[in-house]
1. Given Met68, Met1, Met75, which one is within 16 Å of the chain's Cα centre (by Cα) and either in a helix (DSSP H, G or I) or more than 28 Å from Arg160 (Cβ to Cβ) (or both)?
2. If I go through segment 135-163 residue by residue, how many of them are touching a residue at least 40 places away in the same chain (Cβ under 8 Å), farther than 19 Å from Gly9 by Cα and not in a strand (DSSP E or B)?
3. Could you tell me which residue of segment 204-223 is farthest from Ser170 (Cα to Cα), considering only residues that are open to solvent by 60 Å² or more (accessible area, probe 1.4 Å) and modelled with pLDDT of 95 or more?
4. Would you check if there is a residue in segment 34-43 being open to solvent by less than 20 Å² (accessible area, probe 1.4 Å), part of a helix (DSSP H, G or I) and touching a helix residue (DSSP H, G or I) at 6+ places or on another chain (Cβ under 9 Å)?
5. Taking the condition within 16 Å of the chain's Cα centre (by Cα), under 21 Å from Asp42 (Cα atoms), at pLDDT 95 or above and open to solvent by less than 50 Å² (accessible area, probe 1.4 Å), does Val141 pass?
6. Among the residues of segment 81-90, is any modelled with pLDDT under 95 and among the hydroxyl-bearing types (Ser, Thr, Tyr)?
7. What residue, among those in segment 167-190 that are without any contact (Cβ under 8 Å) to a residue 24 or more places away in the chain and either basic (Lys, Arg) or under 15 Å from Asp137 (Cα atoms) (or both), is least open to solvent (accessible area, probe 1.4 Å)?
8. In segment 187-204, how many residues are within 19 Å of Ala236 (Cβ to Cβ) and assigned to a loop (DSSP other than H, G, I, E, B)?
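The values are calculated or read from the model by the stated rules, or taken from the named source; none is laboratory data. The shown structure was predicted, so the numbers you read here are calculated from the model rather than taken from an experiment. We place every Cβ from the backbone using ideal geometry, glycine too, and count neighbours over all the protein chains shown. Remember, those area values only see protein heavy atoms, side chains included, never the ligands or the DNA or RNA. Shrake-Rupley method; radii C 1.70, N 1.55, O 1.52, S 1.80 Å.
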Amino acid sequence: MFRRILAVGDVHGEADGLERLWKKIAFDDERDLLVFLGDYIDRGTAPVRALQFVQRQVEKYRNVHALMGNHEAMMLSYIDAYGLGRTIMGHFDLWLANGGRITRKQLATLPKAEAESLTAFVRSRPISFRTSHAGEDILFVHAGVNPAAEDCREDMLWIREKFFAGYHGSTLVVVGHTPTQMLRRGGAAVPLFLPNNIIACDTGAYLPGGRISCVDAAHYLRLRAGGHALTAGERASCYMQAERG
């Protein structure tokens, strides 16, 4: 049994913050499991460096896993259609409209072999990861699942409201994708441990005042097993954060 079962929320090109968070995590491959939840690229100033950092950890540690996010999926769709060149004049592209320009620009400056290796790494990312702790099933996925339908790639990458409002399953679902500031207007940039068995880990790394967060699902489940409502201090003990920039 792992001592810690960790998940890192959306990074969105904030490589400096990611590296600081990694030092705080002090990952131990013999005792810990860690899942990056996707959206390493776009919006921030160093998307390629953030993606390269994630790739190095996955290749170095057998118990570090990295999922596909919707921004990585958009990037691959763009590359398949256009390569790393320009779109046709006036053509709208979803990726570029959602922060992809800086990622495209930085990828295009890499040596061809290096860019192809990084793209191949992204292509090989799974959509979800499952494990369990003390008899509790845990699903890691970028966006969530559709409570009213069979699991599908589109939902797991993009879903928002239907998941948060409609999910009431027995599996603990750990997600990124939707900044917690959007789930609770005016709330702090902290992970949310929701009563319908969801942990929301995207704390708006690219937003003003946003952070990159790492939650410990195993610690949360141990606390929850006590049968009482968690205090603010207990919830805070279930995550670590680093500021952007």
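1. Step by step, each of Met68, Met1, Met75 is checked, and only Met75 is within 16 Å of the chain's Cα centre (by Cα) and either in a helix (DSSP H, G or I) or more than 28 Å from Arg160 (Cβ to Cβ) (or both).
2. Of the residues in segment 135-163, 0 are touching a residue at least 40 places away in the same chain (Cβ under 8 Å), farther than 19 Å from Gly9 by Cα and not in a strand (DSSP E or B).
3. Out of the qualifying residues, it is Arg211.
4. Within segment 34-43, none of the residues are open to solvent by less than 20 Å² (accessible area, probe 1.4 Å), part of a helix (DSSP H, G or I) and touching a helix residue (DSSP H, G or I) at 6+ places or on another chain (Cβ under 9 Å).
5. For Val141, the condition - within 16 Å of the chain's Cα centre (by Cα), under 21 Å from Asp42 (Cα atoms), at pLDDT 95 or above and open to solvent by less than 50 Å² (accessible area, probe 1.4 Å) - is met.
6. Yes - at least one qualifying residue is present in segment 81-90.
7. Filtering segment 167-190 for residues that are without any contact (Cβ under 8 Å) to a residue 24 or more places away in the chain and either basic (Lys, Arg) or under 15 Å from Asp137 (Cα atoms) (or both), the one least open to solvent (accessible area, probe 1.4 Å) comes out as Arg184.
8. Step one: filter segment 187-204 for residues within 19 Å of Ala236 (Cβ to Cβ), giving 187-195, 198-204.
From the residues that got through so far, the ones that are assigned to a loop (DSSP other than H, G, I, E, B) too are 187-191, 195, 201-204.
Looking only at that region, the number is 10.
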